[in-house]
Amino acid sequence: MKNIVIFGAPGSGKGTQSDMLVQKYGFQHISTGDVLRQAIKEGSELGLTAQSYISDGKLIPDSLMIDILASTYDALDTSVGVIFDGFPRTIAQAEALEKMLAERGSRVDAMLELDVPTEMLMERLIQRGKTSGRADDNEETIKKRLDVYGQQTAPLIEWYTSAGLRHKVQGYGSLEEINASLSAIIDSL
Ligand code: ATP
Ligand code: MG
């Protein structure tokens, strides 16, 4: 069983590549962004809380996200493996993930970083905003999200490097090329 963190800035292609890896390996996929958007759609209490943070380009508070992650994880059959997409986004979340997995006799096997230049991220997200209907895919919010990424999430690169788990992959080119780079790492684990 493998636990893989797919990591990268907003628009780096975490969701797209996760779907391809799910097809190929049969992993379970936890996308915290998808969990939150579903909650918003259902109008649940979580959705109501999440809505204002997301449309403001901010992160949902760690304590709430950590609870959501654990309950999402425990509802899955994790025997083949899990891809964590959009979590962790802060050092506190990375520590919580480590603790949660340790309590279940498991651990993170690799952090796969999709590296994409900022100008390309902006371009992709503005393009995606034309069809995604996402409240956060507009220029002003995209800028805030990229700032938040730089301040709160990018420090995880160092954190996972120190843990010996970080693998950096070029996140542009064809989807197949990117997927081949990710697969090569997974196969070597
Ligand atoms: P990508 O385009 O690579 O899939 P993204 O940043 O556009 O990434 P999501 O991962 O779908 O999008 O996240 C959307 C929003 O949901 C975030 O901007 C944030 O407000 C909230 N969110 C998602 N995951 C977390 C988390 N782990 N902690 C706090 N907030 C989160
Ligand atoms: Mg996503």
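The residue of the range 162-182 that is surrounded by the most Cβ atoms within 10 Å (Cβ to Cβ), among those that are over 17 Å from the mean Cα position of the chain (by Cα) and of a type in the set (S, T, N, Q), is SER181. Of all the residues in the range 20-39, those that are under 18 Å from ALA110 (Cβ atoms) and either within 15 Å of ligand 2 (Cβ to nearest atom) or of a type in the set (S, T, N, Q) (or both) number 7. Restricted to the range 88-189, the set of helices (runs of 4 or more DSSP H) holding at least 3 residues that are within 16 Å of ligand 2 (Cβ to nearest atom) and closer than 23 Å to MET65 by Cα comprises 139-148. Kindly list the number of the only condition in (1) away from ligand 2 (no atom under 16 Å from the Cβ); (2) at pLDDT 95 or above; (3) closer than 26 Å to ARG166 by Cβ; (4) not charged (D, E, K, R) that fails for PHE7. Only one criterion is unmet by PHE7, namely (1).
Scanning the range 40-52 for residues that are more than 15 Å from ligand 2 (Cβ to nearest atom) and out of contact with any Lys or Arg (no Cβ under 8 Å at 6 or more places or on another chain) yields LYS41, GLU42, GLY43, SER44, GLU45, LEU46, LEU48, THR49, GLN51, SER52.
There is at least one residue in the range 102-112 that is over 16 Å from the mean Cα position of the chain (by Cα) and either of a type in the set (Ser, Thr, Tyr) or closer than 17 Å to LEU156 by Cα (or both). Selection of the range 158-169 for residues being within 15 Å of ligand 1 (Cβ to nearest atom) and either free of Cβ contacts under 8 Å to residues at least 60 places away in the same chain or of a type in the set (Val, Ile, Thr) (or both) yields only VAL169. Within the range 135-161, restricting attention to residues that are surrounded by 19 or more Cβ atoms within 10 Å (Cβ to Cβ) and in contact with a strand residue (DSSP E or B) (Cβ under 9 Å, 6 or more places away or on another chain), the residue that is nearest to ALA50 (Cα to Cα) is THR153. Counting the residues of the range 17-50 that are within 13 Å of ligand 1 (Cβ to nearest atom) and either without any contact (Cβ under 8 Å) to a residue 40 or more places away in the chain or surrounded by fewer than 16 Cβ atoms within 10 Å (Cβ to Cβ) (or both) gives 11.
For the range 60-117, the tally of residues that are touching a Phe, Trp or Tyr at 6+ places or on another chain (Cβ under 6 Å) and over 30 Å from ALA180 (Cα atoms) stands at 1. Does at least one position in the range 130-138 carry a residue that is touching a helix residue (DSSP H, G or I) at 6+ places or on another chain (Cβ under 7 Å), of a type in the set (Gly, Ala, Ser) and modelled with pLDDT under 95? Scanning the range 130-138 turns up at least one residue that is touching a helix residue (DSSP H, G or I) at 6+ places or on another chain (Cβ under 7 Å), of a type in the set (Gly, Ala, Ser) and modelled with pLDDT under 95.
The values are calculated or read from the model by the stated rules, or taken from the named source; none is laboratory data. Fair warning: this is a prediction, and the values are worked out from it, not measured in the lab. In this analysis, Cβ positions are derived from the backbone assuming ideal geometry, glycine residues included, and neighbour counts consider all displayed protein chains.
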